Every structure is written in C-alpha cells, then in structure tokens.
Amino acid sequence: MTDQIWENVRSGLNDSLGDSAFSTWIEPLEFRGLENGVVYLAAPTSFIGNWVSQHYGDRIRNLMSTAGVKVARLDFAVAPKSAGRKPVPANAQPVETAEPRTPRATPAARTPDGGTDLPGSPLDARYTFDSFVVGKPNELAHAASRRVAEGGPVTFNPLFLYGGVGLGKTHLMHAIAWELQATDPSRRVLYLSAEQFMYRFVQALRYKDTLGFKELFRSVDVLMVDDVQFIAGKESTQEEFFHTFNALVDQNKQIVISADRAPGEISGLEDRIKSRLQCGLVVDLHPTDYELRLGILQTKAEAQSQLHNGIEIETRVLEFLAHRISSNVRVLEGALTRLYAFASLVGRKIDLDMTQECLADVLRASERKVTVDEIIRKVADHYNVRMADLLGPRRSRAVSRPRQVAMFLSKTLTTKSLPEIGRRFGGRDHTTVIHAVRKIEELRAVDSQIAEEVELLRRMLEA
Ligand code: ADP
Ligand code: MG
C-alpha cells in the first residue's frame, strides 16, 4: 500500500517537475519503505540524494501528506538501483540529511552516470557559493575556488586553501564540489577529509586491497582533501597520499587541499609533500573583519528568519554581534541559531535586551581581552610618539591628545577601573582619566577626524 503512495508521489513529481528533471533526479530513486514517519529512499550517488533532499524534499513531503501520510523526514541511502526490493531500513551509507534551504537554480538536466559511488564524505547542502559571503579577508580564496569550480583547464594544481578554524575552508570546498557536480553530474568529484583518506587507506591495507584503493583514487576527475594537516606524522598514509597526488597531477586532474596552516608550517609533513603542495596556488583565509561578520550575519539572519516564520531581528543586534563576537563564523552562527530559537519560543522580535540575556555566556567567552599595554603601544605607534612620552609628564598637545585617546580606549575596551588605568599611565589620578574620556567623547562628536582615528584604532585593537 505504501508502494502505491510512492507511485502517486512519483506521478505528482513528474507532473510538477517535467520529464527532464524527473528522469534526472527522481527516476533513479528507489523507494524502500516507510516507517515511523521516515521515508526510506535509496539514490545511486550521494550527490543525487543530496540534491533531491535539498530541492525536492519539501515537495515530496507535501505530496505524501496529501496522500494522508505524515512524513517527519526523508532518509537517503546510497545504493545502485536494484531490481528487487530491499528491507528497511537501508544498510547503505546514509547521506547527510539537511535542513530546508534556500532553493537554487535547477541544474542543466544531465543524466548522472549512476556508476559506482565514490567513497567521499557527504556534502553539506548549505555550503554553496550562493551562501558564501565574500569580504576582504576571503576574497582571494573565494576567487580561486570559483575558478576551480568552473571546471575549465587546470591552471593551478593543487589549490591549497588554508586558515584558522571556522573561516570557511570546508564551506568553499563543498561549494566547489557542488558546482562541479551540478554543471556536469558525470564528473567524478571526490571530497573527503584527510582523516577519511587515512581510514580508507588503513582499511585497504587490512583487507589487502591497496590495488582497489589506488584504482579508486586515481580514477577521479577532481580530488579534494580537507584538513590535510591530519596526516602529518602518519607516515604510510603520507606516502600513499603523495603517490595519489602525483598520479592525479600527472593526469592533469584538479586537486584541492585545505589545512589549518600554510604547507611549509605543517610539522610532521615530509618535505617532498610540502613542496608538492606549494606547487600550485596557495591562498589563505584571513580572520574575519567587522564588515564580513556583519555581512555573514545578515545573510544567515535572513535564512533563519525564513525558518522561523519571519521573526525579525533588529539591525542593532547584528551590529552588536559583529562587534562583540570576533571569533570564528561558527560561533556567530550558533549565536544566531540560539537567538531565533529563543525568539520563536517566546514569540518576540529579537532586540538587544533579549540578545544580551540569551547570549550572556557566549558574549562573556568571546570578550576580547585587549590590554592597556597593547593600547598604549598601538596608540604610540599610530601617532608616532614614544611610549615613554605617552606615560611621562609632557603636556604638549602632540603628546596629550594621543594620551587621552589611549585612556579613552583603555576605558572602553578593557574592564580596568579608572584608578587602575591612571596607574598604568605613569601613576596619574583617576580624575585625569575621567577628564580624558570625556574630552575624547566630546571631540568625537564634533571632529570627524578624531572620530575616525579612534574608530580605526579600536578596530586594529579588536581585530
Ligand atoms: P573551516 O573549515 O575553515 O573550519 P567552515 O567552512 O566549516 O570552516 O565554516 C564554519 C561555518 O561558518 C560554516 O557553517 C560556514 O558555512 C560558515 N562560514 C564561514 N565563512 C563563511 C562565509 N564567508 N559566508 C558564509 N558562511 C560562512
Ligand atoms: Mg573545515
């Protein structure tokens, strides 16, 4: 009886998608059953499973519910379409199920090859170029990734992306993979973490199938290995990686690698591998700046708002978060998710009060610990005065103004008390500090140059 429901869903999809999209995406699926509100489906490749889940998941759920079946979620396994029916639940490797996402353009209708699926890590459907916000700190990495994603002739090999945690390396790699797959589903794109590369290799050794391993990895068109620093110190894995790498480069196949630092700085990596990794284009993702954080927050807030029936968020809140949370993007995302969840529970718009209450722990943890010493150093440097003068008794304008700026910044960027700040400035009285803070506040309001200087210094200190 559930088979009949699936048939109805299929014909509903055929009507709404048209023959071409239907035969590309829905025809290859195998319905394996329905249990406790979970629809079990098998797709010949994880790409197809992901795509259907992303683009047609809601439609399938709706058609099911029209047929009177409440569906909590779709579960995609990866398996070639078989003639006979398999038991539920499927035992093949599950495809990561994703949240509802913003729709993308339908791909050029190409029939996927439906061949053996590559043993890669699942791609996160949210990590596309569309959802990647570009700013100064990541524009080069983004441009290089775009170029690779065009799938044209290989111009740099490998593309090596590196940067600190949460800056978007994995996001960019997934985006490249999605794009390459969407423009040509027959292209064999293998994305996996270095850890998984090692796991596969170790398994191949254990089951005496290194030949199969080699064949598999050397048959891909594009190889992407994430967090390659993981194989540092793992000698036989490195060795195998090196050979795979060389074989693919020789065949002019594109390779994309990421790591948390530059190739030369990964200790425990053989020199020949380091130099191989440096052969192509090495680009780094810089820590996010305020503008980028704000841009990312705006984009993610829109997506969250759609998920939560249009709950609004004040612009001030986004600015506040971009300002206060300077750590990685993952923390920003987590903060937003929590805010929206909270707001939808209490049915309120997200304002500053709610934010401070709801994110108290996150805000405390990410408090940027700027020290008075750092401020003094930066300010002296910026105004080209000696630190000794800044802290000394001189009262000429050339020194006293920078001193006031430094005191002002010490008061606003640190948690030090006025007397403590006074002491750091050559044993001055706390009233001197109060005076300096007021003075700069006044000046900022009327003198745009001072205002800009203070803002610039603040940003440099908080970066
Ligand atoms: P990394 O691999 O460098 O540690 P990820 O790619 O996993 O970082 O990114 C962490 C999170 O931040 C992901 O959810 C990703 O979507 C998000 N993110 C990072 N940079 C950006 C960006 N520029 N635009 C949108 N989202 C981003
Ligand atoms: Mg990553």
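Read-outs: derived from the displayed coordinates by stated rules, not from any lab. Being a predicted model, the structure only gives us computed values, none of them experimental. All Cβ positions, glycine included, derive from the backbone under ideal geometry; neighbour counts span all protein chains shown.
Summary table below
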| item | result |
| --- | --- |
| Cross-link reach list, lysines versus Lys349, counting only Cα pairs under 23 Å and skipping chain neighbours closer than eight places | Lys300 |
| Residues Cys279 and Val38, FRET efficiency given R0 of 60 Å [Cβ-Cβ distance, rounded to 0.05] | 0.80 |
| Partners for Lys274 among lysines (Cα-Cα distance below 26 Å; same-chain residues under 8 apart left out) | Lys169, Lys214, Lys234, Lys253 |
| The stretch 179-265: trypsin sites (Lys or Arg not before Pro) falling in loop per DSSP and having at most 12 other Cβ within 10 Å | Lys208 |
| 23 Å Cα-Cα reach of Lys411 towards lysines, excluding residues that sit fewer than 8 places from it in its own chain | Lys369, Lys378, Lys439 |
| Relative contact order of the chain, pairs being alpha-carbon contacts under 8 Å that are 6 or more residues apart, as % | 11 percent |
| Helix-derived mean residue ellipticity, 222 nm - over the chain, DSSP H n ≥ 4, -39500 (n - 2.57), to 500 | -16500 deg cm²/dmol |
| Cα long-axis angle, helix 448-462 against the chain (0 to 90 degrees, to the nearest 10) | 60 degrees |
| R0 of 56 Å, Cβ-Cβ distance Arg59-Ala398: FRET efficiency to nearest 0.05 | 0.20 |
| Where only C-alpha atoms are counted, convex hull volume of the chain per residue in Å³ | 190 Å³ |
| Förster radius 30 Å - calculated FRET efficiency between Asp381 and Ser417, Cβ distance, rounded to 0.05 | 0.75 |
| Separation between Cα centres of the stretch 388-452 and the stretch 211-257, rounded to whole Å | 57 Å |
| Tilt relative to the chain, helix 139-149 - C-alpha long axis, 0 to 90 degrees, to 10 | 10 degrees |
| Glu314 paired with Val134, simple spin-label distance in nm, labels 7 Å along Cα-to-beta-carbon | 3.4 nm |
